[in-house]
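The values are calculated or read from the model by the stated rules, or taken from the named source; none is laboratory data. Since we're looking at a predicted model, the values are computed, not measured. All Cβ positions, glycine included, derive from the backbone under ideal geometry; neighbour counts span all protein chains shown. Calculation scope for accessible area: heavy atoms of the full protein, side chains included, ligands and nucleic acids excluded. Shrake-Rupley method; radii C 1.70, N 1.55, O 1.52, S 1.80 Å.
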Amino acid sequence: MLADKAFDTNAFRAVLDSLECTPVIPPMGNRARDFSYDADLYTARSQIECTFNLLKQARRFATRYEKTLRNYAAVVAIGCALLWLRI
């Protein structure tokens, strides 16, 4: 389970343990006990989240004007290509 620091609570971690799910949640700064997490995986999650935030700035992507999945996927691909090229 990939999540940010806001989900670093004992109750949430207990639920993840009961579901046999491995949490990738960095510990909050005020926590007495530090939990280990995969920093590389967390960095990848952060990059994906930032990419979606950049894509949502485009109105066509955010409101999903396209009616078919094929056309919407094409808009997403074009948007990702433009972000990658930084145009």
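Compute the distance from the alpha-carbon center of region 1-55 to that of region 56-87, in whole Å.
Spelled out, the Cα-based centre of one part sits 28 Å from the other.
Could you run the Karplus curve 6.51 cos²θ - 1.76 cosθ + 1.60 with θ = phi - 60° over region 18-32 and give me ³J(HN,Hα) per residue in whole Hz, x for Gly and Pro?
Rounded to whole hertz, the list is 5, 8, 6, 10, 8, x, 10, 10, x, x, 5, x, 8, 7, 6.
Accessible area of region 1-63 with a 1.4 Å probe: how many percent of it is carbon plus sulfur?
Looking at region 1-63 in its full context, I get 55 percent from C and S.
Show the residues, 5+ positions off or on another chain, whose built amide H is closer than 5 Å to the amide H of residue 24.
Correct list: 2, 3.
Please compute one quarter of the surface area of the Cα convex hull for region 38-87 and express it in square nanometres.
So the mean shadow area of the Cα hull is 4.0 nm².
Can you compute the modelled spin-label distance between residue 72 and residue 20, with each label point 7 Å from Cα toward Cβ, in nm?
Taking the simple label geometry, residue 72 and residue 20 are separated by 3.4 nm.
Which whole-Hz ³J(HN,Hα) couplings does region 52-67 yield from phi under the Karplus relation 6.51 cos²θ - 1.76 cosθ + 1.60, θ = phi - 60°, glycine and proline marked x?
5, 5, 5, 5, 5, 5, 7, 4, 4, 6, 5, 8, 6, 5, 5, 8
Using a 1.4 Å probe, what is the accessible area per residue for the chain, in Å²?
Counting only protein heavy atoms, the per-residue value for the chain is 78 Å².
Over the Cα atoms of the chain, how large are the radius of gyration and the largest Cα-Cα distance (Dmax), in Å?
Taking only Cα atoms of the chain, I get Rg and Dmax of 17.5, 50 Å.
Tell me the label-point distance for the pair residue 43, residue 31, using the 7 Å Cα-to-Cβ offset, in nm and rounded to one decimal.
Output for this residue pair reads 1.9 nm.
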